[in-house]
Amino acid sequence: MARLLEGKPIAEKIKEQIKQSVAGLNSKPVLASIQVGENAGASAYANSQKKTADLLGIEYQFHKLPAETSQAELINFIQKLNADKSVNGMIIQMPLPAQIDYKKISQYILPDKDIEGMHPANIGKLVFGKAAIVPCTAAAVMELLKETGVDLYGKEVVVVGHSEIVGKPLVLLLLEKFATVTDCHIGTSKAGKLEEHIGKADILIVAVGKAGLIKGDLVKAGAIVIDVGINRVNDKIVGDVEFETAQARAAWITPVPGGVGPLTVAMLMRNLVEAAKLQQ
Ligand code: NAD
């Protein structure tokens, strides 16, 4: 029976470290958060970020722009925050209205203020193993792995999902630790090869967004399973992995909710402090 790999206790430890780093800065770090239009999910996420920021001694500036804001207007707003020396980091709340392309606008955030780590310059640093600012969810997964005490050197790691925010940065971080990494995605499934890869994984990380995609009985005995997926099923939040059957086979497994989720906000705040240090 797998041990539960819970994010909250790790997040608490990291928040203590962040508090100490904040105290060592010349001034209170400032995080600017931008939401365009109304969205209950985005507002809830921003509220939870604000609570964490308050707790850590970080100033959280919330900017809500009208739903009809054009891409050019948003870029203009971002550039004002870039020029504002008191702002250390920026986050754009998702989802954005249809007229705005996140990939385009995120490139306008100065790399040193890009605390989501999505600017091409920061992704480039990740490729060279030199990133100070790492995409938050990928960083959260690495913290969970660290907690298990596993030595990643030479381990067979299978990542399911190849998004820019989770799957791809994770592959780079895992390669940095000399893991043998396989990245599976929709093409793998369509080719009928997903099950074969999952069965080989010493460490299985799933970030797809499809409840029950990974059948628990496919998990290798003694594997570490990290489920990044968030799916709402009958008013319950579940991951992408069939939990009970996977727990019966694995050595460690993250619960959903309560695994990766609680760590991502802590990673965001850690990135902000790193950004503030870079700027100082
Ligand atoms: P995405 O939605 O951008 O991409 C989905 C990925 O899954 C793609 O790589 C796609 O090829 C792959 N995929 C789709 N169907 C598949 C199948 N049948 N077999 C194999 N692969 C398949 O991904 P994302 O933005 O990284 O989000 C993935 C999940 O992670 C979502 O549920 C999201 O809500 C969740 N998420 C959680 C957190 C967190 O903090 N816990 C953060 C980010 C994302």
What are the residue pairs meeting all of these: first residue in the stretch 16-30, first residue free of Cβ contacts under 8 Å to residues at least 60 places away in the same chain, second residue open to solvent by 80 Å² or more (accessible area, probe 1.4 Å) and part of a loop (DSSP other than H, G, I, E, B), Cβ atoms under 9 Å, and 6 or more apart or on different chains?
SER27/GLN280
Conditions first: (1) surrounded by fewer than 22 Cβ atoms within 10 Å (Cβ to Cβ); (2) assigned to a strand (DSSP E or B). LYS130 passes all but one, so which condition is the exception?
(2)
Search the stretch 184-240 for residues being of a type in the set (Asp, Glu) and near the ligand (Cβ under 10 Å from one of its atoms), and hand back the single one that is nearest to LEU144 (Cα to Cα).
ASP227
Near pairs, Cβ below 6 angstrom, 6+ apart or cross-chain, from the stretch 67-87 (among the polar types (S, T, N, Q)) to any residue that is open to solvent by 30 Å² or more (accessible area, probe 1.4 Å):
ASN82/LEU110
So THR69 passes all but one of these: (1) farther than 19 Å from LYS104 by Cα; (2) surrounded by 12 or more Cβ atoms within 10 Å (Cβ to Cβ). Which condition number does it fail?
(1)
Set ASN76, ASN82: member being over 19 Å from VAL228 (Cα atoms), open to solvent by less than 30 Å² (accessible area, probe 1.4 Å) and away from the ligand (no atom under 16 Å from the Cβ):
ASN82
Return yes or no: is ALA201 under 16 Å from ILE253 (Cβ atoms), of a type in the set (Gly, Ala, Ser) and under 20 Å from the mean Cα position of the chain (by Cα)?
no
Mind listing just one residue for me: the one in the stretch 146-180 that is more than 16 Å from the ligand (Cβ to nearest atom) and without any contact (Cβ under 8 Å) to a residue 24 or more places away in the chain and, of those, least open to solvent (accessible area, probe 1.4 Å)?
GLY149
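The values are calculated or read from the model by the stated rules, or taken from the named source; none is laboratory data. All values reported here derive from a predicted model rather than from experimental measurement. Glycine gets a Cβ as well: all are built from the backbone with ideal geometry, and neighbour counts include every protein chain shown. Note: areas computed on protein heavy atoms with side chains; ligands, DNA, RNA excluded. Shrake-Rupley method; radii C 1.70, N 1.55, O 1.52, S 1.80 Å.
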